[in-house]
Amino acid sequence: MNYTTQMDAAKKGIITKEMGLVAEKEKLDVEVLRGLIAEGKVVIPANKNHKSLSAEGVGQGLRTKINVNLGISKDCCNLDVELEKVRTAINMKAEAIMDLSNYGKTEHLRKNIVDMSTAMLGTVPMYDAIGFYDKDLKDITVDEFFNVVEKHGEDGVDFVTIHAGLNKETAKIVKNNPRLTNIVSRGGSLLFAWMELNKAENPFYEYYDRLLDICEKYDITISLGDACRPGSIKDATDPAQIKELITLGELTKRAWERNVQVMIEGPGHMPLNEIQANMLLEKKLCHGAPFYVLGPLVTDVAPGYDHITSAIGGAIAASSGADFLCYVTPAEHLRLPTLEDMKEGIIAAKIAAHAGDIAKGVKGAMDWDNAMSKARADLDWERMFELSIDEEKARRYRKESSPENPDSCTMCGKMCSMRTMKKILNNEDLNI
């Protein structure tokens, strides 16, 4: 039986090879997974042209996934550096990579990532349009916008961020309800500017069916972008954000009618006490579609440490229903991240995702922690290193400060509680 997309196959009762792989990774019954994909509650971003992909599922009941942003800009346009970031992100087991290149001809980098990446690849075609056509934003035509989306599909991109919910109505609400930080989404601000300059409707909203045609053709998952995500904790959960979310829910249903898979993007910056409610709102207003969040960052005063502010918010978001976390690095708001910045961002996001999985009871999530706790009780240092989320750093710290007794560390020495209890319970000489 033929099918066009993973959702189409799921609705027809077909188990694709991607579904089989995801079910195996998640230790989930494949028929249960198929049912969730048919309902739109799980997506498997898997472009038909991405041959190196090791498919991952995003959504209800699955492990929280993380995404790594990279790409060139006018000020930092070293392709070799960005490809090294790709290799590192894959080695660190990030499930997704987004190429956010916004300068020059980005096709070479994008095709290289598709060829080498087992992780799913996302892009924001709006960024590419300006460099691709080398013309002023105002002069880019509707056809040209859609041609870039088509090109990304041909190249093998698995999911595209499209800010289709920023229509004229939402733009009016933005203008009538002034924000401290206005529109901080780069793609959203460019679309807002294009609409204002041309006195026109958002082309991705007005011609949404044209977008669905492209996505169905290549099985691209639409990541419905949140142009009005809050860029400061003061702007969180305001009228523009909620209005756009309602529109994204309507667009989700239209995509599902065409068997196009959908994720919803979310905040942003947000106080701790608003995160849980925002996760509930998205799931309600967008009919259970997977939720992909940037952070949220829970305070605005920590430049240089925003991987931490993001991980705090990400853990709460994941525990409250978010399915996909976009990492944030220490360089957020300051510069293009270096390789080391990227590593720190990945680890912080992985910690947040795993903490969220434990809280929401993802199958097998706590087994990892239980294994680490047993290794600690056994003073099995080698096993502790193997289980560490950052094995390299754990080994380095241990090596940099060697204890007198190899079964302890330099914090407690012979007074180590694990050592004491192990010896006492085994009737051994304590020798403190």
> Dividing the Cα convex hull volume of the range 322-432 by residue count, how many Å³ per residue is that?
Replying inline: 135
> For Ile44, what charge total do you get from the other residues with a beta carbon under 10 Å from its beta carbon, if Lys and Arg give +1 and Asp and Glu give -1?
Replying inline: -4
>> What number comes out for accessible area per residue over the range 332-425 if the probe is 1.4 Å? Units Å², please.
In response: 63
> In the range 193-244, what percent of the accessible surface is made up of carbon and sulfur (1.4 Å probe, ligands and nucleic acids excluded)?
Replying inline: 52
>> In whole Hz and in residue order, list the ³J(HN,Hα) couplings for the range 143-148 that follow from phi through the Karplus curve 6.51 cos²θ - 1.76 cosθ + 1.60, θ = phi - 60°; x for Gly and Pro.
In response: 4, 5, 4, 6, 5, 5
> Hey, what do the phi angles of the range 292-299 turn into as Karplus ³J(HN,Hα) couplings, whole Hz, using 6.51/-1.76/1.60 and θ = phi - 60°, x for Gly and Pro?
Replying inline: 10, 10, 9, x, x, 7, 9, 8
> Pairs Lys243/Lys363; Lys234/Lys283; Lys172/Lys360: which exceed 30 Å Cα-Cα?
Replying inline: Lys243/Lys363; Lys172/Lys360
> Rounded, prolate or oblate: which fits the range 376-422 when a ≥ b ≥ c are the square roots of the eigenvalues of the alpha-carbon gyration tensor, with rounded for a/c under 1.5 and prolate only if a/b beats b/c?
Replying inline: oblate
> According to the square roots a ≥ b ≥ c of the eigenvalues of the Cα gyration tensor, what is the shape class of the range 312-381, taking rounded for a/c under 1.5, prolate for a/b larger than b/c otherwise, and oblate for the remainder?
Replying inline: oblate
> Straight-line reach from Lys11: which lysines have Cα under 19 Å away, leaving out those fewer than 8 places along the same chain?
Replying inline: Lys41, Lys48, Lys217, Lys253
> Which ³J(HN,Hα) values, rounded to whole Hz and listed in residue order, are derived for the range 122-127 from phi using the Karplus coefficients 6.51, -1.76 and 1.60 in 6.51 cos²θ - 1.76 cosθ + 1.60 with θ = phi - 60°, glycine and proline given as x?
Replying inline: x, 9, 10, x, 4, 4
> When ligands, DNA and RNA are left out and all protein chains stay put, how many square angstrom of accessible area per residue does the range 20-90 have with a 1.4 Å probe?
Replying inline: 41
> Amide H to amide H, which residues 5 or more places from Met98 or on other chains are under 5 Å from it, using H placed in the peptide plane?
Replying inline: Val68, Asn69, Leu70, Gly122
> Near Lys85, which lysines are there with a Cα under 21 Å away, not counting those fewer than 8 places off in the same chain?
Replying inline: Lys51, Lys65, Lys74, Lys93, Lys105, Lys111, Lys343, Lys350, Lys393
> Of all the stretches in the chain, which is the longest one without any exposed loop site, taking GluC sites (Glu not before Pro) in a DSSP loop (any state but H, G, I, E, B) with at most 10 other Cβ atoms within 10 Å?
Replying inline: 1-403
>> Once neighbouring chains are kept in place and the probe is 1.4 Å, which whole percent of the accessible area of the range 296-432 is contributed by carbon and sulfur?
In response: 56
> For the range 127-284, what class follows from the C-alpha gyration tensor (a ≥ b ≥ c being the square roots of its eigenvalues): rounded when a/c is under 1.5, otherwise prolate if a/b is larger than b/c, else oblate?
Replying inline: oblate
> Dipole magnitude of the chain about its Cα centre, charges +1 at Lys/Arg Cβ and -1 at Asp/Glu Cβ only, in debye to the nearest 20?
Replying inline: 640
>> If you count only protein heavy atoms with a 1.4 Å probe, what accessible area per residue comes out for the range 205-285, rounded to a whole Å²?
In response: 36
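The values are calculated or read from the model by the stated rules, or taken from the named source; none is laboratory data. Since the structure is predicted, the reported quantities are computational estimates derived from the model, not experimental observations. Reconstructed Cβ throughout: ideal geometry from the backbone, glycine too, with neighbour counts over all protein chains shown. The area values use the complete protein model at the heavy-atom level, side chains included, leaving out ligands, DNA and RNA. Shrake-Rupley method; radii C 1.70, N 1.55, O 1.52, S 1.80 Å.
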